[in-house]
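Colleague: My questions will all concern the structure given below.
The values are calculated or read from the model by the stated rules, or taken from the named source; none is laboratory data. For clarity, every value in this text was computed on a predicted model and none was experimentally measured. With ideal geometry, Cβ positions are generated from the backbone for all residues, glycine too; neighbour counts draw on all protein chains shown.
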Amino acid sequence: MASNSPWIAVGDLGSAFEKDVNVLPPSRDLAERCFDLHYEDGSIERFAFETEDRLIRSDLGKKKAPEIYRATSLQPNRYFVDFISQTDRVTTVSMFLDLEQKSFTSVTGRLPSKAEAAMSLLERSRRGRDLTGVTADFSHGAIDEPVTDATPRHRVTTNLVGHRIEYTYSPSERYEHIYVNDSFYTWHCLAGAEKGLADTDRCHYYSLGENLYLFVWREKIVPTLGVVVLSLDAMKTTGKLFGYEGNDFDRVTNFPIGAKARILNVTSHDFEGDDLE
């Protein structure tokens, strides 16, 4: 990326987001609690939250490296949990744990290598790939019990399509999102480090409950993964941004974000129904 490019690294964006932010404080509720996560494919993973920021994952009795996590909550008994994988520095895990419904959704995100990120958009198109090299894999399941037909599911939704929402992350950082369709959204920086920049990127929407959504986006110009939980009741978000610290691809940054939301307008869309199978 040229030095005079208006596009900035995620690490620089994180620095801009540091002052007087609307990030929710970390929740201590999960400390000293343990949950068995039963995935839809039949696998089971244990999450032992030893402290307010340290957890141990284990699979079939085999412990993995300790993870340093951050948990926040927009509603009682519902938590957004996020951490960088200790075994793969370009991978993060973001989870929404619904302890009341005993269900969860997990997002495993991965940044592209330097070579992958250098591939032109034209070449990616020619190869039939997504224009972004950032990936996101979604898993679902039940907490402390096997998955059954009765297990509440977080389903893909089109509820947000047609909404234009303003997000204020801090007194200096403000964006608007236009949710175009079930696969793409447009972002526009109204104020802050990226003022005037805008793009349309791949995204994913899940319904987590009434007026509660999981929104995930994958940017193509600067490799970026965003994962947030949005409450249209509280008009707030909690989540994270993940990307490279600089343009050298040697270091990653994974920082919490949170915003106050304001609906600017809503237009109709052609989708029938709210949630998709």
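Colleague: What is the one condition in (1) farther than 28 Å from Asp29 by Cα; (2) in contact (Cβ under 8 Å) with a residue 24 or more places away in the chain; (3) among the basic types (Lys, Arg) that Arg78 does not satisfy?
Modeller: Checking Arg78 against (1) farther than 28 Å from Asp29 by Cα; (2) in contact (Cβ under 8 Å) with a residue 24 or more places away in the chain; (3) among the basic types (Lys, Arg), the one that fails is (1).
Colleague: For the list (1) modelled with pLDDT under 95; (2) in contact with a Gly (Cβ under 6 Å, 6 or more places away or on another chain); (3) of a type outside the set (A, V, I, L, M, F, W, C), I need the number of the one condition that Asp275 fails.
Modeller: (2)
Colleague: A further question follows. Of the numbered conditions (1) among the basic types (Lys, Arg); (2) within 19 Å of Val156 (Cβ to Cβ); (3) modelled with pLDDT under 95, Arg251 fails exactly one; give the number of that condition.
Modeller: Arg251 satisfies all of (1) among the basic types (Lys, Arg); (2) within 19 Å of Val156 (Cβ to Cβ); (3) modelled with pLDDT under 95 except (2).
Colleague: Hey, another quick one. What pairs can you find where one residue is in region 227-250 and farther than 16 Å from Ile263 by Cα, the other is surrounded by 24 or more Cβ atoms within 10 Å (Cβ to Cβ) and among the aromatic types (Phe, Trp, Tyr), and their Cβ atoms are less than 7 Å apart, with a gap of 6+ or different chains?
Modeller: Within 7 Å, the pairs are Thr238/Phe80; Gly239/Phe80.
Colleague: Name, by its number, the condition in (1) under 14 Å from Ser106 (Cα atoms); (2) within 19 Å of the chain's Cα centre (by Cα); (3) hydroxyl-bearing (Ser, Thr, Tyr) that does not hold for Thr72.
Modeller: Thr72 satisfies every listed condition except (1).
Colleague: Does region 212-221 include one or more residues that are in a strand (DSSP E or B), β-branched (Val, Ile, Thr) and either within 22 Å of Phe80 (Cβ to Cβ) or modelled with pLDDT under 95 (or both)?
Modeller: Narrowing region 212-221 to residues in a strand (DSSP E or B): 212-219.
Checking which are β-branched (Val, Ile, Thr) leaves us with 216.
Now drop any that are not either within 22 Å of Phe80 (Cβ to Cβ) or modelled with pLDDT under 95 (or both), which leaves 216.
Within region 212-221, one or more residues are in a strand (DSSP E or B), β-branched (Val, Ile, Thr) and either within 22 Å of Phe80 (Cβ to Cβ) or modelled with pLDDT under 95 (or both).
Colleague: Would you be able to say whether some residue in region 224-234 is buried (at least 18 other Cβ atoms within 10 Å of the Cβ) and farther than 18 Å from Val23 by Cβ? Can you show your working first?
Modeller: We begin by selecting, within region 224-234, every residue buried (at least 18 other Cβ atoms within 10 Å of the Cβ); these are 224-231.
Still in the running and farther than 18 Å from Val23 by Cβ: none.
Scanning region 224-234 turns up no residue that is buried (at least 18 other Cβ atoms within 10 Å of the Cβ) and farther than 18 Å from Val23 by Cβ.
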